[in-house]
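Report on one structure; see the data block that follows.
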Amino acid sequence: MAFSKLFGSALVLAQLASSNHVQVEERAETAHSEPFYPSPWMNPKAIGWEDAYVKAKDFVSQMTLLEKVNLTTGVGWQSEQCVGQVGSVPRLGLRGLCLQDSPLGVRFADYVSAFPSGQTVAASFDRSLMYQRGKAMGQEHKDKGVNVMLGPSAGPLGRHPEGGRNWEGFAADPWLTGIGLAETVKGIQDTGVIACAKHFIVNEQEHFRQGGPNVSDAISSNVDDKTMHELYLWPFVDAVRAGVGSFMCSYNQVNNSYACQNSKLLNGILKSELGFQGFVMSDWAAQHSGASSAVAGLDMTMPGDVAFNDGKSYWGTNLTLAVINGTIPEYRLDDMAMRIMAAFFKTGNVIEQPQINFDSWTKDTNGPMHYYAKEGEQQINWHVNVQRDHRNLIRDVAAKSTVLLKNENNALPLKSPKFLAVIGEDAGPNPKGPNGCSDRGCDDGTLAMGWGSGTADFPYLVTPLDALTMKTADDGTRLEHVIDNYAWDSTKTLVSQADVTALVFVNADSGEGYITVDGNEGDRNNLTLWGSGDELIKNVSSLCNNTIVVIHSTGPTVVTEWYDSPNVTAILWAGLPGQESGRSIVDVLYGKVNPAARTPFTWGAKREDYGTDIIYEPNNGAGAPQQDFTEGVMIDYRYFDYKNITPIFEFGFGLSYTTFEYSNIKVEKSGAGEYNPTTGSTTEAPTFGNFSTDLTDYAFPSESFPYIPYYIYPYLNTTSSAAEASQDPDYGQTAADPLPRPAPAASDEPGGNRQLWDVMQTVTATVTNTGSLVGDEVPQLYVALGGPSDPPVQLRGFDRMRIEPGQSAEFRATLTRRDLSNWDVASQNWVISDHPKTVYVGPSSRKLVLSAPLEL
Ligand code: BGC
């Protein structure tokens with residue numbers, strides 16, 4: 001029996017190892033997050049940040065206290081053009097930095113592209129497409145004047161298939177998500193825009209993320225240290241290593257401490273262990289304290305006001321006061337400013353920034369610069385078209401991310417069929433237009449994006465029906481459609497006719513919790529198709545023996561009742577494809593693109609099979625709902641494998657129009673040396689510049705500019721007393737102590753101890769295209785780490801390779817020390833266990849056709 005030491009000191013999850021089962025047993029104590037102070041300051045020698053540090057130091061050394069505070073504090077919701085904007089430093093020529101959603105395009109802007117979702121591109125298993133998508137989105141943000149793009153997302157990771165925002169991130173697997181996050185970050189930042197890894201962390205559901213009417217506080221995700229490191233933190237590590245400039249802490253609590261003031265998470269894990277050098281911003285109104293959040297490692301408050309438009313801030317004025325009277329140490333404010341400016345310079349920026357040429361709150365050309373206060377009438381929208389030729393990439397990504405889940409009787413690819421019946425609301429347009437529902441908060445017409453802040457306005461939306469109509473017109477195919485799921489008489493008439501191929505389009509939607517669609521408060525209420533889609537498929541396939549189903553969805557649905565009907569000849573999952581939805585699905589249906597994508601989550605036979613679920617109702621009286629992650633690392637396919645539950649479509653599964661065979665696995669050991677824990681300590685915290693303690697120096701300079709209502713300023717409301725500065729002094733003595741600190745054993749470069757990336761093993765295998773069509777194949781590498789609490793297998797490598805018919809190609813992947821390690825709670829480091837390990841290669845998580853022992 002092995003007891004795991006905890007992330008927070010008091011949450012006790014006992015892991016009881018039995019033959020091939022790990023039961024994670026919950027004990028009575030309440031989860032608690034241990035303190036970690038002081039807040040780490042930037043390291044001038046951090047790899048990849050050296051130049052940025054020098055430039056930031058030069059700039060920050062010239063700043064006044066008020067200017068530094070201005071940089072850290074948002075100006076308030078709808079106080080300027082972007083969803084988040086910090087105060088400017090006009091004296092030094094810096095305009096207020098613009099922070100804008102979303103992870104799939106520029107939100108609230110015109111003439112922008114609507115890209116496929118993160119979850120969709122994850123299905124491509126194609127690093128290059130992930131990078132190109134990130135870069136294209138970065139370019140569009142850049143061209144609009146955005147400085148920080150609020151994406152990509154790796155939280156939620158996908159603990160719950162119903163999770164409302166899973167589609168904004170990548171896969172229900174940390175390794176694939178880590179690749180998706182890192183490639184996207186690199187793409188974005190190569191354009192000069194700072195990426196933002198969000199939402200940090202264990203933000204796995206929408207219900208209660210910000211509390212709720214009947215509970216005192218936001219939900220607490222209670223996670224043990226091992227699970228945190230091996231599962232939820234994993235992709236964020238990749239983002240840090242990729243050089244991400246910013247993080248967004250999430251709304252929820254983690255072990256009963258709010259993520260944006262959780263010193264263990266921000267100071268301890270992110271900035272100390274992972275050596276993150278950029279800045280942490282709060283999610284919008286996720287800050288719950290002033291001094292406490294500052295010393296716990298928060299660097300920027302968004303959107304600046306305590307509650308939207310209340311004109312008050314935990315920082316701004318209060319941060320100025322708190323530094324003057326010593327509640328918050330000077331080094332901490334300097335470090336906040338350093339981190340923000342270093343991220344800015346690291347991504348290649350210069351102080352003189354182009355104008356922000358759009359406004360989030362109106363499409364009018366002229367209007368108030370300060371939207372909420374209705375002040376500052378001027379031109380605010382320049383209607384700049386930033387789309388370039390991104391439509392081609394969008395179409396390509398969407399097609400290459402479409403997963404072929406079933407294909408019988410050569411139903412696909414279509415070859416000029418005689419008669420196509422296109423069925424289902426999901427094939428057609430939203431009668432209100434593609435942007436007819438604000439933040440896509442409805443499920444009308446074809447689903448090409450979920451709802452919430454993770455959206456962008458469509459410049460146009462090619463529906464499946466549009467594209468099929470064009471294609472069939474060219475081919476001389478008869479096409480008729482019924483795009484009303486409940487018009488059964490018309491549908492029946494159509495699909496009962498001779499020679500018909502029925503294409504049924506169905507969907508399941510979800511989004512962010514501030515919008516409720518059809519009773520779904522962000523998270524899905526169930527895993528069935530929307531609009532009685534399952535009934536529609538059953539009805540159509542009862543009459544038509546060539547029924548092809550296309551699913552647009554934000555995650556898995558339960559397809560149990562119809563997927564194995566012989567009349568359902570093909571099933572495709574097209575994710576959330578973005579603006580080129582129709583053309584991309586036509587490319588796949590007709591074989592212009594030979595499908596190769598793989599499902600980035602498991603399709604279970606029933607909801608209960610996933611072993612985890614959303615908490616929909618308060619479970620802790622009026623206190624914060626408690627969500628105990630008692631399943632540990634066993635989510636999605638890990639759980640199915642571990643419990644020996646047969647899924648309908650397993651993680652990593654996807655078919656092609658050709659066939660592949662695997663042979664000849666070889667494992668070669670590399671000469672990586674012993675792993676040495678990092679020792680030594682950091683430098684002492686520096687400060688840059690100095691400040692006066694004369695309160696009159698901080699008065700509002702009313703002679704310089706007019707006061708804008710609701711706008712958050714750094715100035716003091718009164719210069720007569722600093723008493724109010726002492727809010728939240730409750731952070732313990734060491735919080736303010738800027739002395740050298742011991743370096744954690746697992747720390748070193750940004751991302752962690754560099755030896756974790758030592759290559760330990762190289763695995764090769766031969767993949768042969770045994771069919772008659774050229775196609776891509778996605779060989780996947782899984783490892784069994786062999787311990788009783790390890791998942792039976794976990795993804796540790798993949799590639800997407802184009803192979804000509806009859807030809808073979810070599811799949812090659814390396815395994816790093818990190819890939820083979822477990823997090824050891826006692827030593828707070830990564831350790832390779834003595835358990836015998838096996839490596840597997842195959843086309844999905846359950847078709848592991850090749851295997852070999854790993855000799856370490
Ligand atoms: C969301 C973030 C988003 C922010 C700004 C929040 O409600 O959780 O993902 O970036 O709003 O719109």
Notebook entry, point to check: Counting only DSSP beta bridges with both residues in the chain, what percent are antiparallel, rounded to the nearest 5?
Noted result: 60
Next item on the list: Please report, in Å, the Rg and the Dmax of the range 194-281, where both are computed over Cα atoms only.
Entry: 12.8, 41
Checklist line | Whole-Hz couplings from phi, Karplus 6.51/-1.76/1.60, listed for the range 373-379; x for Gly and Pro | finding: 7, 6, 10, x, 4, 5, 6
Item checked: Peptide ranges 605-612, 107-114 listed from the most packed, as the mean C-beta count within 10 angstrom indicates -> 107-114, 605-612
Next item on the list: Could you list which residues have their amide H under 5 Å from that of GLY87, counting only those 5 or more apart in sequence or on another chain, with H placed in the peptide plane?
Entry: THR73, VAL75
Checklist line | For the chain, accessible area per residue (1.4 Å probe, heavy atoms of protein chains only), Å² | finding: 33
Item checked: Dipole of the range 624-695 [Lys/Arg +1, Asp/Glu -1 at C-beta], most positive-end residue of PHE660, ASN676, THR687 -> PHE660
Note to self: Can you tell me how the range 609-676 classifies by the Cα gyration tensor, rounded, prolate or oblate, using a/c under 1.5 as the rounded cut?
What the structure shows: oblate
Next item on the list: Give the calculated FRET efficiency between THR30 and ASN717 to the nearest 0.05, with a Förster radius of 41 Å applied to their Cβ-Cβ distance.
Entry: 0.60
Item checked: Kirkwood Rh in Å, taken over the range 768-809 so that all alpha-carbon pairs contribute -> 12.0
Note to self: For ALA508, what residues show an amide H to amide H distance below 5 Å, using hydrogens built from the backbone and excluding near sequence neighbours?
What the structure shows: TRP530, HIS552, SER553, THR554
Check: If packing is taken as the mean number of other Cβ atoms within 10 Å per residue, what is the order of 35-45, 582-592, 96-106, highest first?
Finding: 96-106, 582-592, 35-45
Next item on the list: Please report the base-10 log of the normalised intensity I(q)/I(0) for the range 562-683, using a Debye sum with one equal scatterer per alpha carbon and no solvent, at each q in 0.23 (1/Å).
Entry: -1.34
Notebook entry, point to check: Simple spin-label model, 7 Å along Cα-to-Cβ: ASP613 to PHE308 in nm?
Noted result: 3.1
Notebook entry, point to check: Where does the chain land on the Kirkwood hydrodynamic radius, alpha-carbon pairs, in angstrom?
Noted result: 27.6
Next item on the list: Would you mind working out the magnitude of the charge dipole of the range 33-112 relative to its Cα centre, with +1 at each Lys and Arg C-beta and -1 at each Asp and Glu C-beta, to the nearest 20 Debye?
Entry: 220
Checklist line | GluC sites (Glu not before Pro) within the range 126-191, DSSP loop, no more than 12 other Cβ atoms inside 10 Å | finding: none
Item checked: Under Karplus coefficients 6.51, -1.76 and 1.60, residue-wise ³J(HN,Hα) of the range 778-788 in Hz, glycine/proline x -> 10, x, 10, 10, 10, 10, 9, 7, x, x, x
Next item on the list: Report the charge-dipole magnitude of the range 354-447 in Debye, nearest 20, computed about the Cα centre from +1 at each Lys and Arg Cβ and -1 at each Asp and Glu Cβ.
Entry: 540
Note to self: Please report the spacing between the Cα centers of the range 431-473 and the range 81-98 in Å, no decimals.
What the structure shows: 34
Notebook entry, point to check: Scaled to the compact-protein estimate 2.2 N^0.38 Å, what is the alpha-carbon radius of gyration of the range 93-226, rounded to two decimal places?
Noted result: 1.11
Notebook entry, point to check: What percentage of the solvent-accessible surface of the range 543-620, computed with a 1.4 Å probe over protein heavy atoms, is contributed by carbon and sulfur atoms?
Noted result: 47
Notebook entry, point to check: If one computes the Cα centroid of the range 550-607 and of the range 372-426, what distance in Å separates the two points?
Noted result: 15
Next item on the list: Work out the length of the dipole vector of the chain about its Cα centre, built from +1 on the beta-carbon of each Lys and Arg and -1 on the beta-carbon of each Asp and Glu, and round it to the nearest 20 debye.
Entry: 1700
Note to self: Can you order the peptides 366-374, 279-287 by their average number of other Cβ atoms within 10 Å per residue, highest first?
What the structure shows: 279-287, 366-374
Note to self: Quick test of your reading: applying the under-4.7 Å Cβ rule, which cysteines of the chain are isolated?
What the structure shows: CYS196, CYS544
Check: the range 722-856: percent of C-alpha pairs farther apart than 18 Å?
Finding: 66
Notebook entry, point to check: Which sequence of LEU576, LEU739, LEU848 reflects their accessible areas, 1.4 Å probe, from the largest down?
Noted result: LEU739, LEU848, LEU576
Margin query: I'd like the carbon and sulfur percentage of the solvent accessible area for the range 784-856, probe radius 1.4 Å, heavy atoms only, ligands and nucleic acids excluded.
Written below: 48
Checklist line | Percent accessible area from carbon and sulfur atoms, the range 182-340, protein chains only, probe 1.4 Å | finding: 43
Check: What does the charge add up to near GLN277, with Lys and Arg as +1, Asp and Glu as -1, over the other residues with Cβ less than 9 Å from its Cβ?
Finding: +3
Checklist line | Per-residue HN-Hα couplings for the range 381-391 [Karplus 6.51, -1.76, 1.60; θ = phi - 60°; Hz; x = Gly/Pro] | finding: 10, 10, 6, 7, 7, 10, 7, 6, 9, 4, 4
Note to self: Principal axis extents for the range 300-448, Cα atoms only, whole Å, descending order, please.
What the structure shows: 79, 35, 31
Check: If amide H atoms are built 1.01 Å from N in the plane of the peptide, which residues on other chains or at least 5 residues away come under 5 Å of the amide H of ALA285?
Finding: MET302, GLY304
Item checked: For PRO750, net neighbour charge (Lys/Arg +1, Asp/Glu -1) across residues whose Cβ lies under 15 Å away -> +2
Next item on the list: Per DSSP H run of n ≥ 4, the term is -39500 (n - 2.57); total these for the chain, divide by its residue number, and report the mean residue ellipticity at 222 nm rounded to 500 deg cm²/dmol.
Entry: -5500 deg cm²/dmol
Next item on the list: In nm, give the distance between the simple-model label positions of ALA826 and GLN807, each being 7 Å from the Cα along the Cα-to-Cβ direction.
Entry: 5.3
Notebook entry, point to check: Label points 7 Å out from Cα along the Cβ direction at GLU703 and ASN410: separation in nm?
Noted result: 8.7
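The values are calculated or read from the model by the stated rules, or taken from the named source; none is laboratory data. Worth saying up front: this structure is predicted, and the values here are computed from it rather than measured. Every residue, glycine as well, gets a Cβ built from its backbone with ideal geometry; the counts of neighbours run over all protein chains shown. When the accessible area is computed, the model is the full protein with side chains, heavy atoms only, and any ligands, DNA or RNA have been set aside. Shrake-Rupley method; radii C 1.70, N 1.55, O 1.52, S 1.80 Å.
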